[in-house]
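S.K.: Dumping the structure here so I can ask a few things about it.
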Amino acid sequence: MRLLVSLCNLPQPRSTGLLLIDDANDEIRWLDIGMPDESLAGCTGVWVGEDTVHCVATAVDGRTILSVLDRRTCSVLDVGYPENVKDVHSVAVIDGDTYLVSTGTDEVRRLPRGSTAGATEVVWRATPAGADTHHLNSILPVDGRLLCSVSVPSRDSAGARRSMAVDLHSGEIAWRGIEHPHSLAVGHNDLYIVESRRARIRSLVRGDAFGVEAYARGLAMAADGTGVAGVSRGRRGSRSLGTIENPGDDGEFTGTAGLVWFSRTDGDAGFRHLKELDLSLYGTEVYDVIVLAV
C-alpha cells in the first residue's frame, strides 16, 4: 500500500510536509510540493483524484498554498495561493471545483474548475464570525452529500454532543454527538470518523469503535477493509475519561507521531490491530492519511 501522509505544525520550517510511504518495501520519503526551502509551517489536507493529488499547506507567513501533483509520478503540476481563506484544514475536488475548509473563518469556500489561486466563494458558513469558533475540518462527498465535520470547542459533555457532521448542500446535521471529530472516511460499507481526544476511530453506521491509544487524526480506508489511522504527540487529558488533548493545549506530552494499521471485519471481533509505524523522526503531528495506491 502506498500512502500520502501530511504533517502539520512542523518542528521547524521546511519546503514540504508531505510524506510518501510504501509499506511494502518500508520506503518513506518527502515529496516536493513546489515550495522553496524553509517556507512552510506544515501541510494539512490532501485529496487524491483520478489523475492528480491536491495538497494544502500553510506558509510561515500564514498564507495558504494549494499544490497539485501528478498522481502517477508525484511531480508538481501547479502551485497557487487561494484568497479569502485562513488556516485551511482540508480539501476536496468535485467535478473540477476545489472545496477548501477555511477553518480560520468558519467557512467552506470554493475555487472554480482548474484554479489553484484567486478569489474563492462561500459554499457554507458555520457562523459569520470570520474566526475559528466551530473548528470546521474534514470534508468528504458521500452518496451525493457533501459532509463536513464540525468540532465545537468545549471540554464539557454539552460541547461533545454539539460536535457533528453537517451536510453542506442541505445544511442538515447528518450526525450528532461526535466528540472532537476529524478525518471523515468511507470504506467497507461504512462511514468512519476520528474522535481525536477519545483516541479512537468510530463507525457512524455500525456504531462500534477502534482505539489507537494516542491523539488520533488522519484516516484512510481501503476497499478490502484495511484502515490506516494517523496518531500524533498529544497532551495527557483526563485519566478517568481516557482523553488525550490537542498538542497545542497545556499538559504533559504523551505519545508519538505515526500510523496504525487495522482491519475491519464482519464478525463479533469488529476491528483487528495489524501493525504500527513510528514517524517521530519526521514530525510530531499527523494531519491527513490518504491511500495513493493499494
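S.K.: Taking the condition of being part of a strand (DSSP E or B) and either touching a His at 6+ places or on another chain (Cβ under 9 Å) or more than 20 Å from Thr265 (Cα to Cα) (or both), how many residues in region 182-202 meet it?
M.R.: So the count comes out to 5.
S.K.: Tell me whether region 46-53 contains one or more residues that are in contact (Cβ under 8 Å) with a residue 40 or more places away in the chain, closer than 21 Å to Leu281 by Cα and loosely packed, with under 15 Cβ neighbours inside 10 Å.
M.R.: For region 46-53, residues in contact (Cβ under 8 Å) with a residue 40 or more places away in the chain, closer than 21 Å to Leu281 by Cα and loosely packed, with under 15 Cβ neighbours inside 10 Å: absent.
S.K.: Go over the candidates Thr58, Thr16 one by one and state the one that is of a type in the set (S, T, N, Q), surrounded by 18 or more Cβ atoms within 10 Å (Cβ to Cβ) and assigned to a strand (DSSP E or B).
M.R.: Thr58
S.K.: Could you give me the residue pairs with C-beta distances under 9 Å whose first residue belongs to region 128-139 and is touching a residue at least 12 places away in the same chain (Cβ under 8 Å), whose second residue is loosely packed, with under 14 Cβ neighbours inside 10 Å wherever it lies, and which are 6+ apart or on separate chains?
M.R.: Qualifying pairs under 9 Å: Asp132/Pro153; Thr133/Thr127; Thr133/Pro153; His134/Thr127; His134/Pro153; His135/Pro153.
S.K.: I'd like to check something: does region 112-122 contain any residue that is within 25 Å of Ala216 (Cβ to Cβ), of a type outside the set (A, V, I, L, M) and either assigned to a strand (DSSP E or B) or at pLDDT 95 or above (or both)?
M.R.: No, there is no match, as no residue in region 112-122 is within 25 Å of Ala216 (Cβ to Cβ), of a type outside the set (A, V, I, L, M) and either assigned to a strand (DSSP E or B) or at pLDDT 95 or above (or both).
S.K.: Please note which strands (runs of 3 or more DSSP E) are completely contained in region 210-294 and include at least 1 residues that are modelled with pLDDT under 95 and over 24 Å from Cys55 (Cβ atoms). Walk me through how you get there before you give the answer.
M.R.: Details: elements: 215-221, 226-232, 234-236, 258-264, 271-278, 286-293.
Once the strands (runs of 3 or more DSSP E) in region 210-294 are filtered for at least 1 residues that are modelled with pLDDT under 95 and over 24 Å from Cys55 (Cβ atoms), what remains is 234-236, 258-264, 271-278.
Okay, residues lined up against (1) free of Cβ contacts under 8 Å to residues at least 60 places away in the same chain; (2) of a type in the set (A, V, I, L, M, F, W, C); (3) farther than 25 Å from Asp51 by Cβ; (4) touching a Pro at 6+ places or on another chain (Cβ under 8 Å):
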{"position": "Asn84", "(1), (2), (3), (4)": "yes, no, yes, no"}
{"position": "Val93", "(1), (2), (3), (4)": "yes, yes, no, no"}
{"position": "Asp97", "(1), (2), (3), (4)": "yes, no, no, yes"}
{"position": "Thr103", "(1), (2), (3), (4)": "yes, no, yes, no"}
{"position": "Arg109", "(1), (2), (3), (4)": "yes, no, no, yes"}
{"position": "Ala117", "(1), (2), (3), (4)": "yes, yes, no, yes"}
{"position": "Thr120", "(1), (2), (3), (4)": "yes, no, no, yes"}
{"position": "Trp124", "(1), (2), (3), (4)": "yes, yes, yes, no"}
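S.K.: Ok, one more. Name the residue, out of Val56, Val76, that is among the hydrophobic types (A, V, I, L, M, F, W, C) and more than 18 Å from Tyr287 (Cβ to Cβ).
M.R.: Sole residue among the options that is among the hydrophobic types (A, V, I, L, M, F, W, C) and more than 18 Å from Tyr287 (Cβ to Cβ): Val76.
The values are calculated or read from the model by the stated rules, or taken from the named source; none is laboratory data. The shown structure was predicted, so the numbers you read here are calculated from the model rather than taken from an experiment. Using ideal geometry, Cβ is built from the backbone for each residue, glycine included, and neighbour counts are taken over all protein chains shown.
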